[in-house]
Amino acid sequence: MNLKGRSISSIEDLSKEDFENLFLFADKLSDNPKDALELCKGKILGVLFFEPSTRTRLSFESAMLRLGGKTIGFSDGENTSTKKGEIISDTIKTIENYCDIVVMRHWIEGAAKMASELSSVPIINGGDGKHEHPTQTLVDLYTMHREFGDISKLEVCLVGDLKYGRTAHSLAHGLSLFGSKIKLFSPKELSFPDELKGMLKNRFNGNFEEKASLDECLDTDIIYMTRLQKERFANLYEYEKVKNVVVLNYDKIKNRKAKIMHPLPRVNELDYDIDDSEKALYFKQMKYSVPIRMALIASMLGVDL
Ligand code: NCD
């Protein structure tokens, strides 16, 4: 694997082999926490979050601390010179002097890609608008690998806001690398973008199906739920119309095959009554997010156990 010095602005920056190597590395790091603590001593992760986050930002920070490194950054662009009118390129030109690697989240699609072209230190895309969220896919695929083993044998149904949901966009790409079967279900106003369907058709021989109801997805291996991205709707009336269309509860799935994943946060699409059942994998996703992000940071910094 050679991720050293590379930026990850899109899921397309990672190959199937990169994923598999990162899974092995994450397993090793989980098994050797003391040795892991030596790996990134003296290194600094810059954490630039211009959009809200709980899990992504804190798991990246935790990952760097568990590698023995340190973090600097902000969780709200409003408290930075962006508020005074500074453009991203100047922010990047600044932060590259202060740290060895950067994770950034921004509402503009392509912001991380642009940053990676300007920056002398590697950039990780922690989510860019409605476009992509490659490291959530890393977390999701690592969870599937840990919980099911062979990702290529899985049938996964992506459900919810497939139009604006960046986690679903990146995950579809990621699953296509492994050859898993993909099903898609969303309210019709929020369907998977045509250009991404085209990508799946070309790269994946059309190994996906669009479903007309959630009931048709209940016997897949995994239902990957996503919330409706209220903040990305141009018109809130449109949001109100569809906000209760997709709702999953324990009753619906208790006698069915599917386990449930969700990148979180949830709004009302995923009932709390699933939480304590063996169906819920979404808390495990959070647990696995730290070792897999440790593996990513260490690999991009060129260190190994
Ligand atoms: C997601 C995101 O920010 O795209 N959350 C996450 O990173 N775990 C999902 C979302 O906001 O709906």
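The values are calculated or read from the model by the stated rules, or taken from the named source; none is laboratory data. A quick note: this is a predicted structure, and the numbers were derived from the prediction, not measured. Please note: Cβ atoms are built from the backbone with ideal geometry, for glycine as well, and neighbour counts cover all protein chains shown. Please note that ligands, DNA and RNA were not included when accessible areas were found on the heavy atoms of the full protein model with its side chains. Shrake-Rupley method; radii C 1.70, N 1.55, O 1.52, S 1.80 Å.
Within the stretch 155-170, being open to solvent by 10 Å² or more (accessible area, probe 1.4 Å), away from the ligand (no atom under 12 Å from the Cβ) and either of a type in the set (S, T, N, Q) or touching a strand residue (DSSP E or B) at 6+ places or on another chain (Cβ under 8 Å) (or both) holds for one residue alone: 155. Among the candidates 43, 28, the residue that is in contact (Cβ under 8 Å) with a residue 60 or more places away in the chain and within 23 Å of the chain's Cα centre (by Cα) is uniquely 28. When the stretch 11-22 is filtered for residues that are part of a loop (DSSP other than H, G, I, E, B) and open to solvent by less than 20 Å² (accessible area, probe 1.4 Å), only 14 remains. Selection of the stretch 253-272 for residues being in contact with an Asp or Glu (Cβ under 8 Å, 6 or more places away or on another chain) and away from the ligand (no atom under 16 Å from the Cβ) yields 256, 257, 258, 259. Within the stretch 28-53, the only residue that satisfies the criterion of being open to solvent by 80 Å² or more (accessible area, probe 1.4 Å) and within 16 Å of the ligand (Cβ to nearest atom) is 52.
Quick one: which helices (runs of 4 or more DSSP H) lie wholly within the stretch 227-305 and hold at least 2 residues that are without any contact (Cβ under 8 Å) to a residue 12 or more places away in the chain? Full working, then the answer.
Working: elements: 236-242, 250-253, 282-300.
Per the criteria, 236-242, 282-300.
A search for C-beta distances below 7 Å between a residue of the stretch 149-161 that is on the phi > 0 side of the Ramachandran plot and any residue that is open to solvent by less than 40 Å² (accessible area, probe 1.4 Å), counting only pairs 6+ apart in sequence or on different chains, returns 160/186; 160/225; 160/226; 160/228; 160/246; 160/269.
Starting from residues that are hydrophobic (A, V, I, L, M, F, W, C) and in a loop (DSSP other than H, G, I, E, B), keep the ones in the stretch 94-121 and report whichever is farthest from the chain's Cα centre (by Cα). Per the stated criteria, the residue is 99.
Summed over the stretch 74-89, residues that are within 13 Å of residue 105 (Cβ to Cβ) and either within 16 Å of the ligand (Cβ to nearest atom) or of a type in the set (A, V, I, L, M) (or both) total 4.
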